[in-house]
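Here's the structure, in structure tokens; my notes come after.
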Amino acid sequence: MMRSVNVLSRIETTVLALLVGMGTLSAQKLSLADSVKCWENTQVYNQLYKSKQYNEAYDAWKTVYDLCPGKTKNTFIYGPTIVEARIAKTTDAAAKEALVQILLESYDKRLEYFPEKTGFVLSSKAVSLQKYKPDQVKEAHALYMKAYEADGYDLPAAAFNGMFMTGAQLYNSKDYNINQVFEVYNLVSEAIEKNNNKLNTELQVFTDKIEQGGVLDEKEQKDTARLGRELSRYTVVDQNIEKTLGPIATCEKLKLLYDDASFEANKENPDWLRRAAKMLQKERVNAEGDVEDCTELPIFFKIAEANYRLEPSAVSARAVGKLAWSRKDYAKAVEYFEEASRREIDPVKKADDHLKIAISHQRRGNPSAAKASALKAAALRKNWGEPYVLIATLYGSAEGNCGGANVVENKAVYWAAMDKLNYAKSIDPSVANKCNRLISSYQAQLPQKSIGFQLGVKDGDRISIGCWINEIVTVRF
């Protein structure tokens, strides 16, 4: 009997030592029974969480959350997913509300026991507040701003999306004025740009390795996939924000914000100049599918030149390039858009710079250089139709310059143009309306079948177009 008691005592002593080592007893002064209960329920919710049985994990998780919340950070890392799963399964309004309160409280308790990653936790709470209490816009926005104060640009994409969306809601409810909503936009857009540049820089290492004939190992493949996912998230957020910003940042409203008086007050302030130049250059797609911006406002000229003088950068070079456009100095525009591209890290913005270079060459009457630059833009940004639309317009303007010996060969450029337009809308539905209008226009220019018959040309024949076009097209009368 004495031997059995000694064995049991040794087991309890071992368990006690284990629990003290884990911090359960020493940090929270739990009894041995509660410590064992805490340990057992931690194992239960961990296993259920890992098997994605989130709702089933709730009871064990809640026991740990109430009894020993400081035992492990996983209680707070896994907590939101587990509680939200229970919320989704709960139909009773009062019970659902109680669960929402537990979810929101869990973020505060996490910071109490594990105070690191303050900004991330606060922004996560703000996301949950937006989701479950959509009427508390001010509170959610305040949390986002507090998260930004804590962690700056080092926040997830969802945080910046929520920060701007709540700011826009406050503007629409007249709790924010135009200056305040633009201040939020500037913070968010700069954060997105910084994160995009950081992610693109990291991704470029792997891209260079592949282009040099190397093979990525398993870890590098996972890192490449992760970086791609993060970039996609920021792209979606950027698109959401631009869509929301459109009705707010009209040229009429910007004209009130950026005038001679505000310029004089800020002409030596590089931050103000940079943000003003970006806002006025911001492109929007109008009802006809064409891109427009606010660079025609007279104040833009002063802002662009002052910005480039104080802070040469991709943004300021781009602004001066647009300024050169307005003055029809397309050679100078090419120079500045090329500088913008050299300074730019983000491949999407780089692609846009090359498209602007292509447009500048087109306006200078150099279709060969325009096509080359458009192809560079297309290579940098996959599934973008605009470069191919530009190439189509170049082809459509080449009748008589890049044709052949007869009228059918001369007009073959229209088939080449239509091929590019069909390809553009197949990869990018956003350009479909523009492509369809151009296709209708080019179809009207095609030669009659009877003319082809006289020249011995029939449907399905292949015609080679030389010159700078260098395409082979299929005859389609």
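The values are calculated or read from the model by the stated rules, or taken from the named source; none is laboratory data. Computed from a predicted structure; not experimentally measured. Here the Cβ positions follow ideal geometry from the backbone for every residue, glycine too, while neighbour counts run over all protein chains shown.
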Condition broken by Lys52, with the remaining ones in (1) at pLDDT 95 or above; (2) in a helix (DSSP H, G or I) satisfied: (2)
Only one of Ala265, Ala276, Ala261, Ala249 that is more than 16 Å from the chain's Cα centre (by Cα) and in contact (Cβ under 8 Å) with a residue 60 or more places away in the chain: Ala249
The stretch 404-420 residues that are in the same structural domain as Leu446 (by TED's automatic domain parsing) and buried (at least 20 other Cβ atoms within 10 Å of the Cβ), paired with ones that are assigned to a helix (DSSP H, G or I) and of a type in the set (Phe, Trp, Tyr) (beta carbon under 6 Å, 6 or more apart): Val413/Tyr395; Tyr414/Tyr442; Ala416/Tyr395; Ala417/Tyr395; Ala417/Tyr442; Met418/Tyr442; Lys420/Tyr388
The listed residue being surrounded by fewer than 20 Cβ atoms within 10 Å (Cβ to Cβ), at pLDDT 95 or above and under 20 Å from Tyr49 (Cβ atoms), out of Glu139, Glu149, Glu84, Glu112: Glu84
Helices (runs of 4 or more DSSP H) enclosed by the stretch 249-333 - at least 2 residues per element that are surrounded by fewer than 17 Cβ atoms within 10 Å (Cβ to Cβ) and either in the same structural domain as Ile357 (by TED's automatic domain parsing) or not β-branched (Val, Ile, Thr) (or both): 251-257, 260-266, 270-281, 298-310
Some residue of the stretch 59-78 being over 22 Å from Asp108 (Cα atoms), assigned by TED's automatic domain parsing to the domain that holds Glu112 and surrounded by fewer than 22 Cβ atoms within 10 Å (Cβ to Cβ): no
Residue match in the stretch 426-435 (condition: touching a residue at least 60 places away in the same chain (Cβ under 8 Å), of a type in the set (A, V, I, L, M, F, W, C), within 18 Å of Ile465 (Cβ to Cβ) and touching a Phe, Trp or Tyr at 6+ places or on another chain (Cβ under 9 Å)): no
Residue selected from the stretch 155-177 under the condition crowded, with 16+ Cβ neighbours inside 10 Å and not in a helix (DSSP H, G or I), by the criterion farthest from the chain's Cα centre (by Cα): Tyr176
In the stretch 427-440, the residues that are under 23 Å from Gly400 (Cα atoms) and loosely packed, with under 14 Cβ neighbours inside 10 Å: Arg437, Ser440
